[in-house]
Amino acid sequence: MGALCLVIERLTGIRGGRVLFRDLNLRVAAGQVLSLEGANGVGKTSLLRMIAGFIAPAAGSITLSSSDLVIDEAEERARRIGWLGHHDAAKPQLTPREVLSFFASLYGSGGDIGAALAAVGLAPVADLPCQYLSAGQKKRLALARLKLSGRPVWLLDEPLASLDAEGKKRCGDILAAHALYGGIAIAATHEPLGIACERLVLGVGA
């Protein structure tokens, strides 16, 4: 399979009877990170959830394509997407190593759990039950889980929330590395990602 490109055409999002965005066009190519910005309530999370296939747009299309593949069906698209949302998926009784072992098996990615823990700075607490982790450490664990997913497209909802300065730098480094190896990342954020990226500000001119 060749390098993927995400193409959104004339997308309209409606939530609770309110139009969030209309006729949105967007193209994100392999090797790009997109910072999705805008005030609370403009539809950043809704757009991510539409791309992920969790909710359907009111109109328009979302396509993943490469030189030899076109994917416009939500379920097929979801198999190529890694998701980082507000829920950390860290079972209190399990350790970070056990959590990542479960997800590595689920994804079938064959990823290096030790390397993922080291990348987010969790190696010292790898065998501590997650109930003792701070909110920032749980966010780091969620980043490690995303790194292990092996999915080419990453969607992140407020990935910098709860992270300290070092954690934010690690997050930026992980996103940059994903793009360097041909991945796509779209992050809804209220803070700069700290790396070179494209920007889309929702709600401008609305």
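Listed here are the residues, each with its yes/no results for (1) polar (S, T, N, Q); (2) crowded, with 24+ Cβ neighbours inside 10 Å; (3) farther than 23 Å from residue 3 by Cβ.
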| position | (1), (2), (3) |
| --- | --- |
| 136 | no, no, yes |
| 151 | no, no, no |
| 156 | no, yes, no |
| 160 | no, no, yes |
| 166 | no, no, yes |
| 169 | no, no, yes |
| 173 | no, no, no |
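Report yes if residue 121 is at pLDDT 95 or above, open to solvent by 10 Å² or more (accessible area, probe 1.4 Å) and of a type outside the set (D, E, K, R), otherwise no. For residue 121, the condition - at pLDDT 95 or above, open to solvent by 10 Å² or more (accessible area, probe 1.4 Å) and of a type outside the set (D, E, K, R) - is met.
Within the range 66-88, residues that are free of Cβ contacts under 8 Å to residues at least 12 places away in the same chain have Cβ atoms under 7 Å from residues that are open to solvent by 40 Å² or more (accessible area, probe 1.4 Å) and among the hydroxyl-bearing types (Ser, Thr, Tyr) in these pairs: 72/61, counting only partners at least 6 apart in sequence or on another chain. Kindly evaluate residue 194 against the criterion of being farther than 20 Å from residue 43 by Cα, touching a residue at least 40 places away in the same chain (Cβ under 8 Å) and assigned to a loop (DSSP other than H, G, I, E, B). Considered against the rule, which asks whether it is farther than 20 Å from residue 43 by Cα, touching a residue at least 40 places away in the same chain (Cβ under 8 Å) and assigned to a loop (DSSP other than H, G, I, E, B), residue 194 comes out as no. With respect to being under 23 Å from residue 152 (Cβ atoms), surrounded by 15 or more Cβ atoms within 10 Å (Cβ to Cβ) and basic (Lys, Arg), residue 97 falls outside the description. Counting the residues of the range 163-206 that are at pLDDT below 95 and at positive phi gives 2. Just name the residue that is surrounded by the fewest Cβ atoms within 10 Å (Cβ to Cβ) out of those in the range 13-49 that are in contact (Cβ under 8 Å) with a residue 60 or more places away in the chain and in a loop (DSSP other than H, G, I, E, B). Only one residue fits best here, namely 39. Quick check on my filter: what residues within the range 1-25 are among the small types (Gly, Ala, Ser) and in contact with a Ser or Thr (Cβ under 7 Å, 6 or more places away or on another chain)? Correct list: 2, 3, 13. Among the residues making up the range 50-95, those that are closer than 30 Å to residue 132 by Cβ, hydrophobic (A, V, I, L, M, F, W, C) and in a strand (DSSP E or B) are 83, 84.
The values are calculated or read from the model by the stated rules, or taken from the named source; none is laboratory data. Because the structure is a prediction, the values reported are computed rather than measured. Neighbour counts run over all protein chains shown; Cβ positions are idealised from the backbone, glycine included. Ligands, DNA and RNA are excluded from the accessible area calculation, which covers all protein heavy atoms including side chains. Shrake-Rupley method; radii C 1.70, N 1.55, O 1.52, S 1.80 Å.
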